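Accompanying notes for the structure given below.
The values are calculated or read from the model by the stated rules, or taken from the named source; none is laboratory data. Bear in mind the structure is a predicted one, so any value in this text is a computation, not a measurement. As a convention, Cβ positions derive from the backbone with ideal geometry for all residues, glycine included, and neighbour counts pool all protein chains shown. Ligands, DNA and RNA are stripped out before the accessible areas are found, and what is left, the full protein with its side chains, is counted by its heavy atoms. Shrake-Rupley method; radii C 1.70, N 1.55, O 1.52, S 1.80 Å.
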Amino acid sequence: MTEPVLAVDNLRIAFPSAAGPVEVVKSISFTVGREIVALVGESGSGKSMTGRAIMGLLPSYAKVEAKTLSFDGRDLTGLTAGAWNGLRGSGMALILQDPKFSLNPAHRVGRQVEEALLLHTRLSAKERRDRALDMLEKVGLPDPARVYASYPAALSGGMGQRVMIAAMLVNRPKLIIADEPTSALDRDLQDQILTLLRSLTEEFGMSLLLISHDLQQVARYADRVLVMRHGQIVDRLAAAELSDAQSSYTRGLWSARPSAATYGTRLPTLDATGVTP
Ligand SMILES: Nc1ncnc2c1ncn2[C@@H]1O[C@H](COP(=O)(O)OP(=O)(O)OP(=O)(O)O)[C@@H](O)[C@H]1O
Ligand SMILES: [Mg+2]
């Protein structure tokens with residue numbers, strides 16, 4: 001494996017409550033090199049909180065502790081708000097589920113794709129536009145110039161997610177955290193978007209932490225898989241080893257693939273022995 005781009009050692013996240021702090025992430029450790037690592041687990045297991053802690057995006061009342069939290073050799077614990085802002089959009093970027101909420105309906109696509117370049121580089125307006133158009137083409141959008149000039153309302157869900165990916169990758173971050181990047185899309189589009197993310201990750205030599213509750217799906221795109229449950233990492237294995245996973249919990253998740261019929265509903269509850277009826 002290559003030198004880790006992201007190193008997480010003993011990360012704990014707690015939220016205050018009337019009954020005292022509630023630990024939602026309990027001392028997890030992992031690294032991500034130039035590869036795709038899937039972070040999977042049932043709803044509420046702590047995946048998104050982990051992703052947000054790495055991006056410095058947890059609310060200030062969350063208590064985040066780590067022995068090591070480092071990105072590209074740089075210690076992330078105790079960064080100032082300004083330093084986090086500098087890092088997001090240049091070194092690391094977060095892709096979220098639904099472009100409807102991530103894209104600003106009042107601004108044209110081009111401006112939003114260029115934003116990271118405007119904030120984090122000294123490129124000229126023409127250079128920014130060229131980079132944005134190039135990126136819109138790379139994410140597979142036909143007629144990038146037309147998309148560049150459109151408003152988000154003119155885009156389909158799949159196009160919107162491609163625009164989001166273009167906006168996140170335009171400044172060539174080293175690390176992408178994609179939190180359920182395709183859950184809002186239908187199955188065919190999900191595969192297209194994950195295929196795109198995988199090929200851009202390889203082309204740009206990036207690291208991708210792919211957060212999902214759909215183990216079967218992400219397994220086809222990831223190199224390694226971390227299984228989370230109740231705030232802990234309970235299994236870690238190469239994606240290729242999944243079909244004969246030893247852990248009964250992982251095997252349960254593996255067979256609990258949401259189908260079109262259950263899409264949008266809760267997954268079966270899992271216990272240590274697998275799927276409960
Ligand atoms: N602001 C908050 N205050 C208190 N608890 C919170 C807060 N935000 C999230 N939690 C709790 O933290 C736990 C982990 O949540 P998280 O969003 O990381 O789960 P997840 O694995 O991403 O689930 P999903 O698959 O549903 O997205 C959950 O039990 C959730 O209720
Ligand atoms: Mg989540």
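Considering the Cα positions of the chain, please state its Rg to one decimal place and its Dmax as a whole number of Å.
Rg then Dmax for the chain, in Å: 18.8, 60.
Pop out the carbon and sulfur fraction of the accessible area of the stretch 107-172 as a percent, whole number, probe 1.4 Å. Provide the component values of the computation, followed by the final result.
Numbers: 1670 of 3290 Å².
C and S atoms contribute 51 percent here.
Could you give me the ³J(HN,Hα) list for the stretch 27-36, computed from phi with Karplus coefficients 6.51, -1.76, 1.60 and θ = phi - 60°, whole Hz, x at Gly and Pro?
The phi angles translate into 6, 9, 9, 6, 10, 10, x, 7, 6, 10 Hz.
Rolling a 1.4 angstrom probe over the protein heavy atoms, how many square angstrom per residue are accessible across the chain?
47
Using the alpha carbon gyration tensor of the stretch 80-177, what are the three equivalent-ellipsoid semi-axes (square root of 5 times each eigenvalue), largest first, in whole Å?
21, 16, 12
Please list, ordered by chain and number, the residues whose modelled amide H lies under 5 Å from the amide H of Val234; skip anything fewer than 5 residues away on the same chain.
Long-range HN contacts for Val234: Val227, Met228, Arg229.
Taking all protein chains together and a probe of 1.4 Å, list Trp254, Trp84 from the most accessible to the least accessible.
Largest to smallest exposure gives the sequence Trp254, Trp84.
Suppose a student asked you for the relative contact order of the stretch 120-234, using Cα pairs under 8 Å spaced at least 6 residues apart; what percent would you report?
On the way: 88 pairs, mean separation 23.4, N = 115.
Computed value for the stretch 120-234: 20 percent relative contact order.
Using θ = phi - 60° and the Karplus relation 6.51 cos²θ - 1.76 cosθ + 1.60, list the HN-Hα couplings for the stretch 71-79 in order, rounded to whole Hz, with x at every Gly or Pro.
Computed from phi, the couplings for the stretch 71-79 are 10, 6, x, 10, 6, 9, 6, x, 5 Hz.
Identify all aspartates and glutamates with a Cα-Cα distance to Lys26 below 13 Å; exclude those on the same chain that are fewer than 8 residues away in sequence.
Asp9, Glu65
If I take every Cα pair under 8 Å that is 6 or more residues apart in the stretch 107-172, average their sequence separation and divide by the length, what percent do I get for the relative contact order? Spell out each step's value before the answer.
Numbers: 76 pairs, mean separation 32.3, N = 66.
Dividing the mean separation by the residue count of the stretch 107-172 yields 49 percent.
Apply the Karplus curve 6.51 cos²θ - 1.76 cosθ + 1.60, θ = phi - 60°, to the phi angles in the stretch 229-239 and return the couplings in whole Hz, x for Gly and Pro.
Those phi angles translate into 8, 6, x, 10, 8, 9, 7, 9, 7, 5, 4 Hz.
Provide, as a two-decimal number, the C-alpha radius of gyration of the stretch 1-86 over 2.2 N^0.38 Å, N being how many residues it has.
1.11
Under the 0.36 nm per residue contour assumption, what length would be gained going from the current alpha-carbon distance of Thr68 and Gln192 to full extension?
The Thr68-Gln192 span can extend by a further 41.1 nm.
Can you compute the label reach from Lys100? Point 7 Å from Cα along the Cβ direction, backbone N cut-off under 12 Å, restricted to the stretch 154-185.
157-158, 184-185
If you average the sequence gap of Cα pairs under 8 Å that are 6 or more apart and divide by the length of the chain, what percent do you get for the contact order?
Over the chain, the number comes to 24 percent.
Arranged from highest to lowest average of other beta-carbon atoms within 10 Å per residue, in what order do the peptides 119-131, 161-173 appear?
161-173, 119-131
Between their Cα atoms, which of Lys100/Lys126; Lys100/Lys138; Lys138/Lys174 are more than 25 Å away from each other?
The pairs that break the limit, which is 25 Å between Cα atoms, are Lys100/Lys126.
Which distance in Å, rounded to a whole number, links the C-alpha centroids of the stretch 1-59 and the stretch 102-117?
28
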